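**Student:** Sending over a structure as structure tokens; questions will come in a sec.
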Amino acid sequence: MQPSRLTPATILLLATPPLLWAANAVLGRLLKDVASPLTLNFIRWVLAFVVLLPMAHGVLRRDHPMWRHWRRYSVLGLLGVGIYNAFQYLALQTSTPLNVTLVTSSAPFWMLLIGTLFFGQRATRFEIAGAVVSMLGVLLVLSQGDWRHLAALRLVPGDLYILLAVLAWSVYSWMLVGTTEPAGLRQDWSAFLMAQMVFGLGWSGLFAAGEWAAGAMYVHWSWWLAAALVFIAVGPAILAFRCWGAGAQRAGPKMAAFFLNLTPLFAALLSALFLGEMPHGYHGAAFALIVGGIVLSSRRTSVR
């Protein structure tokens with residue numbers, strides 16, 4: 001399947017998940033003392049499963065074509081529903097939403113590397129240049145407009161967790177372009193997501209069980225927690241996965257990865273909106289670099 005030209009519809013599909021995932025990071029940080037990370041992830045996906053069930057209940061039939069490809073969906077569920085989300089909430093226990101989203105923005109580099117090493121893809125000079133330009137934007141945000149701040153940067157365990165999550169997400173995104181499943185299943189986005197979620201629930205439940213067994217589980221129920229769970233189950237889970245899957249299939253995983261660099265910019269804007277932390281001039285400059293990297297890397301796609 002050849003990636004297509006970037007169109008306004010594809011751009012919208014790929015820009016929506018970073019916005020929702022930035023909101024998810026802010027909420028994950030706010031909820032760190034309200035619900036333990038692995039249990040939070042499990043509850044989130046249980047709710048998402050319930051919401052999606054009316055649209056994709058046919059996947060649960062024993063004769064559904066998905067079951068012939070259960071190994072593939074088990075891996076997709078592990079990488080996308082299990083590891084990525086669980087490790088993100090673990091990261092937010094010790095790291096800030098901005099740090100988490102910034103590390104996530106290293107995805108273009110890992111996507112290019114994994115594609116070259118394991119999926120037989122070769123990066124063009126435009127894609128490499130685009131990755132460098134976009135990462136300069138990320139570093140500009142990280143340095144708060146002063147490059148000397150980078151020398152004082154100190155990583156915490158959460159930064160390692162989110163890096164592992166990004167590696168899992170990179171492999172997941174490459175697997176999305178596979179064509180082993182029946183065309184009908186791929187075209188039905190709700191069934192495609194439900195097929196991953198069936199196995200992802202098992203993985204996230206297993207991780208949560210480990211948290212319970214270790215005595216690290218806690219949930220302090222309130223209307224605030226319930227509202228937050230509904231949002232992260234519907235928005236960053238179902239809607240974002242739907243948009244990301246469709247966008248990655250249209251533009252290709254390498255092109256899609258550059259849009260993840262919008263996440264820290266959205267995180268900064270949401271922090272200004274909800275936490276009163278106003279953006280600075282370097283945020284605008286970083287945004288220009290990140291978008292410039294996206295445009296530069298898309299030249300290979302546009303001249304096919």
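**Student:** Restricting attention to segment 117-142, which residues are modelled with pLDDT under 75 and more than 23 Å from the chain's Cα centre (by Cα)?
**Tutor:** none
**Student:** Among R61, R72, which is the only one that is charged (D, E, K, R) and either in contact with a strand residue (DSSP E or B) (Cβ under 6 Å, 6 or more places away or on another chain) or within 25 Å of Q249 (Cα to Cα) (or both)?
**Tutor:** Only one candidate qualifies: R72.
**Student:** Before we move on, is A226 over 21 Å from the mean Cα position of the chain (by Cα), in contact (Cβ under 8 Å) with a residue 12 or more places away in the chain, in a helix (DSSP H, G or I) and over 23 Å from S74 (Cα atoms)?
**Tutor:** no
**Student:** Right, something else. Give all pairs with beta carbons closer than 8 Å in which a residue from segment 54-70 that is over 10 Å from M194 (Cα atoms) meets a residue that is loosely packed, with under 12 Cβ neighbours inside 10 Å and hydroxyl-bearing (S, T, Y); count only pairs at least 6 apart in sequence or on separate chains.
**Tutor:** From segment 54-70, the pairs are H69/T180.
**Student:** For segment 77-99, which positions are over 25 Å from F199 (Cβ atoms) and either aliphatic (A, V, I, L, M) or touching a Lys or Arg at 6+ places or on another chain (Cβ under 8 Å) (or both)?
**Tutor:** Q93, T96, P97, L98 - these are the residues of segment 77-99 that are over 25 Å from F199 (Cβ atoms) and either aliphatic (A, V, I, L, M) or touching a Lys or Arg at 6+ places or on another chain (Cβ under 8 Å) (or both).
**Student:** Using the structure shown, decide if A237 is in a loop (DSSP other than H, G, I, E, B) and either among the hydroxyl-bearing types (S, T, Y) or touching a residue at least 12 places away in the same chain (Cβ under 8 Å) (or both).
**Tutor:** No; evaluated as a whole, the condition is false for this residue.
**Student:** Search segment 229-243 for residues being under 13 Å from the mean Cα position of the chain (by Cα) and crowded, with 20+ Cβ neighbours inside 10 Å, and hand back the single one that is modelled with the highest pLDDT.
**Tutor:** Filtering first and then ranking leaves I232.
**Student:** State which residue is surrounded by the fewest Cβ atoms within 10 Å (Cβ to Cβ) when the search covers only segment 31-58 and only residues that are more than 18 Å from I238 (Cα to Cα) and in contact with a strand residue (DSSP E or B) (Cβ under 9 Å, 6 or more places away or on another chain).
**Tutor:** The qualifying residue surrounded by the fewest Cβ atoms within 10 Å (Cβ to Cβ) is V34.
**Student:** In addition: Within segment 71-90, can one find any residue that is buried (at least 24 other Cβ atoms within 10 Å of the Cβ), of a type in the set (D, E, K, R) and over 14 Å from the mean Cα position of the chain (by Cα)?
**Tutor:** Scanning segment 71-90 turns up no residue that is buried (at least 24 other Cβ atoms within 10 Å of the Cβ), of a type in the set (D, E, K, R) and over 14 Å from the mean Cα position of the chain (by Cα).
**Student:** Something else about it: Which ones in segment 3-35 are within 24 Å of A91 (Cα to Cα) and part of a loop (DSSP other than H, G, I, E, B)?
**Tutor:** The answer is L31, K32, D33, V34.
**Student:** Residue check, G28 against (1) crowded, with 22+ Cβ neighbours inside 10 Å; (2) more than 16 Å from the chain's Cα centre (by Cα); (3) within 22 Å of A227 (Cα to Cα), all met but one. Which one?
**Tutor:** Looking at each condition in turn, G28 falls short on (2).
**Student:** Oh, and also: Residue by residue through segment 114-127, note down the ones that are of a type outside the set (S, T, Y), over 13 Å from S173 (Cβ atoms) and surrounded by fewer than 15 Cβ atoms within 10 Å (Cβ to Cβ).
**Tutor:** Passing the criteria: L117, G120, R122, R125.
**Student:** From the list T263, T301, which one is modelled with pLDDT under 75 and of a type outside the set (A, V, I, L, M)?
**Tutor:** T301 is the lone residue from the list that is modelled with pLDDT under 75 and of a type outside the set (A, V, I, L, M).
The values are calculated or read from the model by the stated rules, or taken from the named source; none is laboratory data. What you see is a predicted model, and the numbers here were worked out from it, not measured in a lab. Note that each Cβ is placed from the backbone with ideal geometry, even for glycine, and that neighbours are counted across all protein chains shown.
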